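Single-structure report; data block below.
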Amino acid sequence: MTPEDTEGNQSVQTDGERRSGSDRRAEQAGGRRKRGILFVMTGASGVGKDSIRRVALPQLEDVYYSVSATTRTQRPGEVDGQNYHFLTRERFEELLSADGLLEHAEYVGDMYGTPRGPVEEALSQGRDVLLELELVGARKVKSRMPEAVMVFIAPPSMSELERRLRGRGTDSEEKIQKRLARAREEIRAMREFDYVVVNDDLYSAALDFVSIIRAERARAHRITDADIERTLAG
Ligand code: 5GP
């Protein structure tokens with residue numbers, strides 16, 4: 001993949017390749033631009049994170065969804081650059097050693113990681129960012145960026161999760177069992193998160209998610225002196 005991959009695709013670039021653009025914009029903003037909020041959505045494979053995102057994001061202004069890099073095989077219907085950047089192990093390792101990933105984790109035999117450049121650029125432009133991560137990556141992000149808002153998506157039950165995973169028809173029995181085992185670990189950790197949304201009904205789960213983002217945007221501690229001055233001057 002090269003930086004020329006546009007046409008609906010976000011290219012994977014190393015930090016060095018990206019930094020110049022974000023630095024320029026920060027300068028233009030005179031360093032005064034409010035940083036965007038980083039949202040992390042975590043939950044078992046098959047719990048419906050993608051579906052919640054697809055319903056929720058059109059209801060929210062300007063959230064940048066970070067497309068992850070992965071070494072996993074592309075599933076039918078998945079589009080490179082939209083669902084994931086599908087990379088070879090070698091390219092993934094290259095990105096990693098060039099410090100091009102904000103976090104990464106191994107999940108059921110494959111590597112997954114968040115390209116650093118686009119996320120930092122969006123945040124410095126004041127755009128809110130959404131990452132979808134498994135638990136190990138979510139913990140890494142929280143320890144490096146403690147201000148991140150952590151949202152856990154829970155299934156109504158393990159049997160329902162298993163039904164959804166099998167219904168997808170994309171994984172071998174062995175992978176399904178491994179994904180279910182990871183799901184149990186993640187569910188045990190859900191109290192580490194700031195919010196928990198149970199995905200029983202997609203539309204009410206998406207509404208809960210939208211409400212969380214709106215409530216976080218409205219928190220008083222995010223108001224800057226400039227916001228107050230603007231209100232007073234108006
Ligand atoms: P799937 O193979 O089902 O698309 O994803 C497997 C798991 O990896 C899911 O829990 C998904 O949220 C997580 N995942 C996707 N992208 C990333 C990433 O960039 N980093 C980490 N740590 N996990 C990811």
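The values are calculated or read from the model by the stated rules, or taken from the named source; none is laboratory data. Because the structure is a prediction, the values reported are computed rather than measured. Neighbour counts run over all protein chains shown; Cβ positions are idealised from the backbone, glycine included.
In the range 46-67, which residue that is in a loop (DSSP other than H, G, I, E, B) and out of contact with any Ser or Thr (no Cβ under 6 Å at 6 or more places or on another chain) is modelled with the highest pLDDT?
V67
Looking at S22, is it modelled with pLDDT under 50, surrounded by 13 or more Cβ atoms within 10 Å (Cβ to Cβ), polar (S, T, N, Q) and part of a helix (DSSP H, G or I)?
When the stated conditions are applied, S22 passes them.
Identify all residues within the range 42-71 that are within 9 Å of the ligand (Cβ to nearest atom) and of a type outside the set (S, T, N, Q); write none if there are none. Lay out the reasoning, then the answer.
At the first step, the residues of the range 42-71 found to be within 9 Å of the ligand (Cβ to nearest atom) are 42-47, 49-50, 66-70.
If the condition is that a residue be within 9 Å of the ligand (Cβ to nearest atom) and of a type outside the set (S, T, N, Q), then G43, A44, G46, V47, K49, D50, V67, A69 are the ones that fit.
Output yes when any residue across the range 179-188 is within 21 Å of F39 (Cβ to Cβ) and more than 15 Å from the ligand (Cβ to nearest atom), and no when none is.
Looking through the range 179-188, none of the residues is within 21 Å of F39 (Cβ to Cβ) and more than 15 Å from the ligand (Cβ to nearest atom).
Scan the range 107-132 for residues that are in a strand (DSSP E or B) and either at positive phi or over 16 Å from the mean Cα position of the chain (by Cα) (or both) and report the count.
So the first thing to find is which residues in the range 107-132 are in a strand (DSSP E or B), and the list is 107, 110-115, 128-132.
The next check asks that each one be either at positive phi or over 16 Å from the mean Cα position of the chain (by Cα) (or both); those that pass are 110.
So the count comes out to 1.
Inside the range 157-182, can you point out the residues that are among the aliphatic types (A, V, I, L, M) and in contact (Cβ under 8 Å) with a residue 12 or more places away in the chain?
Once the filter is applied, which keeps residues that are among the aliphatic types (A, V, I, L, M) and in contact (Cβ under 8 Å) with a residue 12 or more places away in the chain, the range 157-182 yields M158, L161, L165, I176, L180.
Does the range 186-206 contain at least one residue that is at negative phi, without any contact (Cβ under 8 Å) to a residue 12 or more places away in the chain, out of contact with any His (no Cβ under 8 Å at 6 or more places or on another chain) and among the aliphatic types (A, V, I, L, M)?
Checked the range 186-206: no residue is at negative phi, without any contact (Cβ under 8 Å) to a residue 12 or more places away in the chain, out of contact with any His (no Cβ under 8 Å at 6 or more places or on another chain) and among the aliphatic types (A, V, I, L, M).
Can you name every residue in the range 107-120 that is surrounded by fewer than 22 Cβ atoms within 10 Å (Cβ to Cβ) and more than 13 Å from L38 (Cβ to Cβ)?
Result: Y107, V108, G109, D110, M111.
So Q74 passes all but one of these: (1) within 14 Å of the ligand (Cβ to nearest atom); (2) part of a helix (DSSP H, G or I). Which condition number does it fail?
So the condition that Q74 fails would be (2).
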